[in-house]
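Q: A single structure is presented below for examination.
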Ligand SMILES: [Zn+2]
């Protein structure tokens, strides 16, 4: 067991990594560690995670009341305590705003699962908790259902992400894995498509996960193996291909749950795109997000502007002649 001083030093080191990785700006984000005997170490408010000193770290009790430290504790400690109280095996919590993951949280789109093996094993499916004003009890409680469903990494709508585990290093790694994963997803999308692993291969990963003793609701048969509501929105919003559902190509590669497929290596004819500007308008929960529909509108506005300029120049030439 590390001493409180060693834990504080580790919190400063993880804070530096979070800041240098660009997972937080300015004084954003917070870190906490369960120190035992009802004591929790947490980062102070108004101090950049990139420049923390061990003496800056605050100590709070079970209720979030500060018992040590010269600088007031983070205002988001209630979120951390909600996790510590709910999951007795968790000893560390990291909250940050990693840009690629937060982009999903802002778009209101679930991160699709069953794409990268390490992600399936170490963080699994990443739920998206509903938005509430940061700092309060209601905000802290938004993550409760997902904690009870064994998630160790949760997206916070229009805000950021929170990760937890038995050690601070593991909790930080989940944050790093999440943002790297989301970055790869966005890049793959830009290239053209996202390929999902076949169900059988995902089951093999679940077996590995079980052997490693990492919890996942899918191991108990809870929820779908490879689908989160809203994932299809991400996959549809930018794709210019028709999306085959539950089909396999002639090489036997499964296409999972509604993932746009790459052209088959066998070279057989591919589905014709439903429309050249993208098949579906991307609308989530009644709000429009950046996608094919707004791109079309922008293009139309640009065309109108060009037409207006041509007319203006023509009028001036006519007037001058
Ligand atoms: Zn935050």
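Q: Which residue, of 31, 57, is crowded, with 17+ Cβ neighbours inside 10 Å and within 16 Å of the ligand (Cβ to nearest atom)? Show your work before the answer.
A: Numbers: 57 fails: within 16 Å of the ligand (Cβ to nearest atom).
Testing whether each residue is crowded, with 17+ Cβ neighbours inside 10 Å and within 16 Å of the ligand (Cβ to nearest atom) leaves just 31.
Q: Let me ask you something else. Go through the stretch 35-54 and give me each residue that's outside any loop (DSSP other than H, G, I, E, B), surrounded by fewer than 21 Cβ atoms within 10 Å (Cβ to Cβ) and touching a strand residue (DSSP E or B) at 6+ places or on another chain (Cβ under 9 Å). Don't jump to the end; show me each part of the working.
A: Residues of the stretch 35-54 outside any loop (DSSP other than H, G, I, E, B): 35-36, 39-42, 44, 49-51, 54.
Going one step further and asking which of them are surrounded by fewer than 21 Cβ atoms within 10 Å (Cβ to Cβ), we end up with 35-36, 39, 44, 50-51, 54.
Those that are outside any loop (DSSP other than H, G, I, E, B), surrounded by fewer than 21 Cβ atoms within 10 Å (Cβ to Cβ) and touching a strand residue (DSSP E or B) at 6+ places or on another chain (Cβ under 9 Å): 35, 39, 44.
Q: Continuing with the same structure: Are any of the residues in the stretch 60-79 without any contact (Cβ under 8 Å) to a residue 40 or more places away in the chain, within 13 Å of the ligand (Cβ to nearest atom), farther than 30 Å from residue 189 by Cα and surrounded by fewer than 23 Cβ atoms within 10 Å (Cβ to Cβ)? If you could, list the steps in order and put the result at the bottom.
A: First pass over the stretch 60-79, keeping only residues without any contact (Cβ under 8 Å) to a residue 40 or more places away in the chain: 60-73.
Of the ones still in play, those that are also within 13 Å of the ligand (Cβ to nearest atom) are none.
The answer is no, given that none of the residues of the stretch 60-79 is without any contact (Cβ under 8 Å) to a residue 40 or more places away in the chain, within 13 Å of the ligand (Cβ to nearest atom), farther than 30 Å from residue 189 by Cα and surrounded by fewer than 23 Cβ atoms within 10 Å (Cβ to Cβ).
Q: Which residue out of 140, 163 is within 16 Å of the ligand (Cβ to nearest atom) and surrounded by 23 or more Cβ atoms within 10 Å (Cβ to Cβ)?
A: Values: 140 fails: surrounded by 23 or more Cβ atoms within 10 Å (Cβ to Cβ).
One residue alone meets the criteria, 163.
Q: Ok, one more. Could you please give the count of residues in the stretch 82-100 that are within 15 Å of the ligand (Cβ to nearest atom), outside any loop (DSSP other than H, G, I, E, B) and closer than 21 Å to residue 48 by Cα? Step through it out loud before you land on a result.
A: Let us first name the residues in the stretch 82-100 that are within 15 Å of the ligand (Cβ to nearest atom), namely 82-83, 93-99.
Going one step further and asking which of them are outside any loop (DSSP other than H, G, I, E, B), we end up with 82-83, 93-96, 99.
Those left that are additionally closer than 21 Å to residue 48 by Cα: 93-96, 99.
Result for the stretch 82-100: 5.
Q: Contact list please: Cβ distance under 8 Å, first residue in the stretch 16-30 and within 17 Å of residue 134 (Cα to Cα), second residue within 8 Å of the ligand (Cβ to nearest atom) and part of a loop (DSSP other than H, G, I, E, B), pairs at least six apart or on different chains.
A: Going by the 8 Å Cβ cut-off, the qualifying pairs are 24/97; 25/97; 28/97; 29/97; 30/76.
Q: Same structure again: Hey, among the residues in the stretch 168-200 that are in a loop (DSSP other than H, G, I, E, B) and in contact with a helix residue (DSSP H, G or I) (Cβ under 9 Å, 6 or more places away or on another chain), which one's modelled with the highest pLDDT?
A: Start the filter on the stretch 168-200 by keeping residues that are in a loop (DSSP other than H, G, I, E, B), which leaves 192-198.
Filter once more, so that each one left must be in contact with a helix residue (DSSP H, G or I) (Cβ under 9 Å, 6 or more places away or on another chain): 193-197.
Working: 193: 84, 194: 87, 195: 88, 196: 89, 197: 92.
So, considering only residues that are in a loop (DSSP other than H, G, I, E, B) and in contact with a helix residue (DSSP H, G or I) (Cβ under 9 Å, 6 or more places away or on another chain), the one modelled with the highest pLDDT is 197.
Q: Across the stretch 101-133, which residue is nearest to residue 36 (Cα to Cα) among those that are assigned to a helix (DSSP H, G or I) and away from the ligand (no atom under 16 Å from the Cβ)? Talk me through it step by step, then tell me what you get.
A: Going through the stretch 101-133, the residues assigned to a helix (DSSP H, G or I) turn out to be 101-107, 117-122.
Keeping just the survivors that are away from the ligand (no atom under 16 Å from the Cβ) gives 107, 117-122.
Details: 107: 38, 117: 34, 118: 31, 119: 30, 120: 31, 121: 29, 122: 26 Å.
Restricting to residues being assigned to a helix (DSSP H, G or I) and away from the ligand (no atom under 16 Å from the Cβ), the top hit is 122.
The values are calculated or read from the model by the stated rules, or taken from the named source; none is laboratory data. Everything quoted here is computed from the prediction, not taken from an experiment. With ideal geometry, Cβ positions are generated from the backbone for all residues, glycine too; neighbour counts draw on all protein chains shown.
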